[in-house]
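Below is one structure, written out as structure tokens, with a few remarks after it.
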Amino acid sequence: MASQRITDGPSVAIVGAGVAGICTGIKLLAAGNRNFTIYEKASEIGGTWRENTYPGCSCDVPLHMYQFSFELDPGWDRKFVTSADIKAYLEKVVDKYGLRSFIRFNTEIGEASFDEARGVWQLRGAGESFEAHVIAAGTGQLHRPLYPALPGRENFEGPSWHSADWNHEYDLAGKHVGVIGTGASAIQFVPEVVRKVARLSLFQRTPAWVVPRPQRDFASWEKILYGAVPAFMRLQRWKIYWSGELLFYAFHKSGDKIREMAIEAMKADVADPVKQAALTPDYAPGCKRVLFSNDWWPAMGRSSLDVVTDPIETITATGVKLKSGRDVPLDAIIYGTGFDTTHFLGPMKVTGLGGADIKNVWRKGAEAHHGMTVPGFPNFFLLYGPNTNLGHNSIIFMIECQANYIVQCVRKLKDDDLLYLDVKPEALRASNLSVQNDNENSVFNAGCTSWYKTEEGKVTNNWANYTFKYWWRTRRPDFAEYNLRKRPSALKAIAAE
Ligand SMILES: Cc1cc2nc3c(=O)[nH]c(=O)nc-3n(C[C@H](O)[C@H](O)[C@H](O)COP(=O)(O)OP(=O)(O)OC[C@H]3O[C@@H](n4cnc5c(N)ncnc54)[C@H](O)[C@@H]3O)c2cc1C
């Protein structure tokens, strides 16, 4: 099948049924290509929004912007919605576009290798092999939970869990619970947990800049208007989009306003000056993700919550031992320590031309042309890949740009009867230079450690520019940036003419 002329459109293997995989599937359908399969390792769709069920889990981007631009739902009640709401929205979208029959659940792709002679990717997973001309890998940046490298973690005799794998069975009432980490997830679940427990010890390495979230319920007239006049919803979306872009300006020009708002909110709820000092970051707002919450500071003000800044020496059978020598006995430990973000594609082994292993190519930090293509890995596209994460706008916007780009590349393969297209090293060098320059001059490089960077300090995750620039650069693939290899059959036909 695969070495013959492609008549139905190249076959596409989409890996992952999160926002990225779903979006790419819908865009392929819209382009008339039904020759694809979405491989999903879990038994349900949704990615991030399936896995993160911790109390308080919600999206930081107002919902009008955290939806597909082609599927704006008027039925929401509030401006910021929960992970369960987004999961339900994605389920509805999958059904509406008839995508479910294209998804192969419980199929984790472990390996993919490119057969150059046939222009085909061979994928292996769940004890089976599959083939496709093209891979679109939507395996997520925030998908593999990260635990801290603390000795003794396995010795703790009480229950412990990661925020992305919430233990809903455990009754928190009356317990002394330790929370390790103060990242984006902890900011959301700590206020919920502290209401239930007798005592919460928050083990903090670095405090976060947390500003109020402008949450509100929609009035009934607004909901009627959203349903009756789609242009009104588009207008809201537009407004939110440009406010996000302004936020980028604020991070990168001066974080003073954000600093002021966060400190004012903290002082309103946290009276203890020792706690205030412990909770005030010493790095620029935006260097790590600025977080939005209306519950965080009231939670920090509670007398039943201690902020522990002494570093942890070890986890013991009964709790935590600090470097200062103090023991903190705990009934349960919750890890709010985020994700392994810089090892793109996770454990998946990807082998390109000449047997090159993508992990080896990325040993100094992942990079891809427009976050999508890597020289030597033909017809292989990343979704939400290197340097496409944002601190100021919706990832769905970036993912839509990528899905549009990939669909145009798939069309090119078909229209020009290509065996493959492979991005030129010089194209990646040029785009990556621009991305790294942006990052170097950005707040992401302002002297903090964050999940945006490798241990060596290279920013591999973030796009440090306005998102409309990303849209502009990716709106049409520049095929001069690619080596285009014709199918042997097409070459013969040309020679015979
Ligand atoms: C708690 C939390 C809050 C967030 N809040 C925001 C926000 O406010 N705004 C924002 O823009 N973004 C936010 N994000 C980022 C969010 O991850 C993205 O917006 C978006 O969901 C990414 O979608 P994705 O499809 O690329 O990845 P994911 O949602 O991670 O989905 C990846 C999918 O691929 C599957 N998969 C992975 N590897 C394989 C494999 N080898 N084989 C088969 N299947 C595989 C997974 O099971 C999963 O279903 C948040 C993330 C988290 C964790």
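The figures follow:
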| quantity | calculated |
| --- | --- |
| Sequence of M348, M372, M261 once ranked by neighbouring C-beta atoms within 10 Å, starting from the fewest | M261, M348, M372 |
| Principal axis dimensions, the range 153-335 - Cα atoms, whole angstrom, descending | 60, 38, 28 |
| Y420 long-range amide H proximity, modeled H, under 5 Å | R485 |
| Cα convex hull of the range 31-91, projected area averaged across orientations, nm² | 5.4 nm² |
| Vicinal HN-Hα couplings computed from phi for the range 340-351 (Karplus, 6.51 cos²θ - 1.76 cosθ + 1.60; Hz; Gly/Pro x) | 7, 9, 8, 9, 4, 6, x, x, 5, 9, 10, 10 |
| Estimated vicinal HN-Hα couplings, Hz - the range 31-44 in sequence order (Karplus 6.51, -1.76, 1.60; Gly, Pro = x) | 8, x, 9, 9, 8, 8, 9, 9, 9, 10, 6, 8, 9, 9 |
| Label-reachable residues, the range 93-123, where backbone N falls under 15 Å from a point 7 Å from R34's Cα toward its Cβ | 97-103 |
| Cα coordinate range in the range 379-453, projected on the principal axes (Å, largest first) | 49, 28, 15 |
| Value in Å of the Kirkwood radius, where the range 56-208 supplies the Cα pairs that are averaged | 19.7 Å |
| Whole-Hz ³J(HN,Hα) from phi, Karplus 6.51 cos²θ - 1.76 cosθ + 1.60, for the range 173-184, glycine and proline x | 4, x, 8, 9, 10, x, 10, 9, x, 9, x, 4 |
| Per-bin percent of Cα-Cα distances, the chain [20 Å] | 22, 53, 23, 2, 0 |
| Å³ per residue enclosed by the Cα convex hull of the range 279-378 | 203 Å³ |
| 10 °C / 1.306 mPa s Stokes-Einstein diffusion coefficient of the range 92-182, Kirkwood radius on C-alpha pairs, µm²/s | 88 µm²/s |
| Debye, to nearest 20: dipole size of the chain, +1 on Lys, Arg Cβ, -1 on Asp, Glu Cβ | 840 debye |
| Computed E for S113/H168 - FRET, C-beta separation, R0 25 angstrom, nearest 0.05 | 0.05 |
| Span per principal axis, largest first, for the Cα atoms of the range 429-488 (Å) | 51, 26, 17 |
| P(r) of the range 396-497 over all Cα-Cα pairs, binned every 5 Å from zero, in whole percent | 2, 11, 16, 17, 16, 13, 9, 6, 4, 3, 1, 1, 0 |
| Helix-only [θ]222 nm of the chain, DSSP H runs n ≥ 4, -39500 (n - 2.57) each, per residue, nearest 500 | -10000 deg cm²/dmol |
| √(5λ) per eigenvalue of the Cα gyration tensor, the range 329-447, largest first, Å | 30, 18, 16 |
| Among beta bridges that DSSP assigns inside the range 153-335, antiparallel share in %, nearest 5 | 25 percent |
| Cysteines in the chain that, by Cβ-Cβ distance, have no pairing candidate under 4.7 Å | C23, C57, C59, C401, C409 |
| When each of K239/K453; K87/K223; K196/K267; K87/K239; K79/K458 is checked by Cα-Cα distance, pairs over 29 Å | K239/K453; K79/K458 |
| Neighbour-count order for T48, T388, fewest beta carbons within 10 angstrom listed first | T48, T388 |
| Mean separation of Cα contacts under 8 Å, 6 or more apart, over the residue count of the chain: relative contact order % | 20 percent |
| Principal semi-axes in Å for the range 1-114 [√(5λ), Cα gyration tensor, largest first] | 29, 17, 10 |
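Each value in this text was obtained by applying a stated rule to the coordinates, not by laboratory testing. This one's a predicted model, so the numbers in the text were calculated from it and none came from an experiment. Virtual Cβ from ideal backbone geometry, glycine too; neighbours counted across all protein chains shown.
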